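Undergrad: Please find one structure pasted underneath; my questions will follow.
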Amino acid sequence: MDGCVCVSYLGNTWHQDALWEEGKLTHLSPEGVHCDHDYCCLHNSICSQQCTYPDAVHIIAGDFNHADLKAVLPKFYQHVKCATRGANTLDKVYSNIKLGYRVRPLPHLGQSDHMSLLLITAYAPLRKTAPTITEKSVKIWPEGASQQLQDCFDRTNWDIFEHPDLEVFTDCAVLH
């Protein structure tokens, strides 16, 4: 069916030919998202989800034959840069995170005339981007430092730290 639109939020599953919104499915017209009613329905549903979950990642995917969601959702970014059916890019994936995803085309599934798309996060973990430390510097105490520290411990009156009055204990610890 042309013009199928799926809206998914992380943790939910994809539903073909329908709009997923907080546990209910709304079917969009089979002609696709190109009439004012469909644009309005899609816009209202997505705005509702964005108001309910302002910090969430919102992903919209579908077969947009004649639709341009930029006019309806200017803060969403289109991630598909490759052709998905012949020489045309009909299947598109939008999200509210600029440069947040990459799309890799995969082979057709079954008798489908559209390419499958794999959505990959563009985030690179810090572990992979941070430079590898090849040298470590070790600071060695100078000669005599251990003996100096030992002398300090020998001269310490450890009995004052056992005083029952908290004020006296605190003063001793701070002044020491």
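Undergrad: Which residues, counting only those in the range 153-175, are surrounded by 10 or more Cβ atoms within 10 Å (Cβ to Cβ) and not polar (S, T, N, Q)?
TA: Listed by number, the residues that qualify are ILE160, PHE161, HIS163, VAL168, PHE169, ASP171, CYS172, ALA173.
Undergrad: Next question, about the same structure. For the range 111-132, which positions are surrounded by 10 or more Cβ atoms within 10 Å (Cβ to Cβ) and either within 18 Å of ASN88 (Cβ to Cβ) or among the β-branched types (Val, Ile, Thr) (or both)?
TA: SER112, HIS114, MET115, SER116, LEU117, ILE120, THR121
Undergrad: Take the conditions in the same structural domain as LEU42 (by TED's automatic domain parsing), among the charged types (D, E, K, R) and modelled with pLDDT of 80 or more and apply them to LYS139. Does it pass?
TA: No.
Undergrad: Hey, LEU117 hits all of (1) among the hydrophobic types (A, V, I, L, M, F, W, C); (2) assigned by TED's automatic domain parsing to the domain that holds HIS43; (3) without any contact (Cβ under 8 Å) to a residue 12 or more places away in the chain but one; which does it fall short on?
TA: All conditions pass for LEU117, except number (3).
Undergrad: Could you please give the count of residues in the range 37-64 that are in a loop (DSSP other than H, G, I, E, B) and surrounded by 15 or more Cβ atoms within 10 Å (Cβ to Cβ)?
TA: Residues in the range 37-64 being in a loop (DSSP other than H, G, I, E, B) and surrounded by 15 or more Cβ atoms within 10 Å (Cβ to Cβ): 2 in total.
Undergrad: Against the conditions (1) surrounded by 11 or more Cβ atoms within 10 Å (Cβ to Cβ); (2) modelled with pLDDT of 85 or more, where does HIS108 fall short? Just the number, please.
TA: Only one criterion in (1) surrounded by 11 or more Cβ atoms within 10 Å (Cβ to Cβ); (2) modelled with pLDDT of 85 or more is unmet by HIS108, namely (2).
The values are calculated or read from the model by the stated rules, or taken from the named source; none is laboratory data. Note that this is a predicted model, so its numbers are computed, not measured. In this analysis, Cβ positions are derived from the backbone assuming ideal geometry, glycine residues included, and neighbour counts consider all displayed protein chains.
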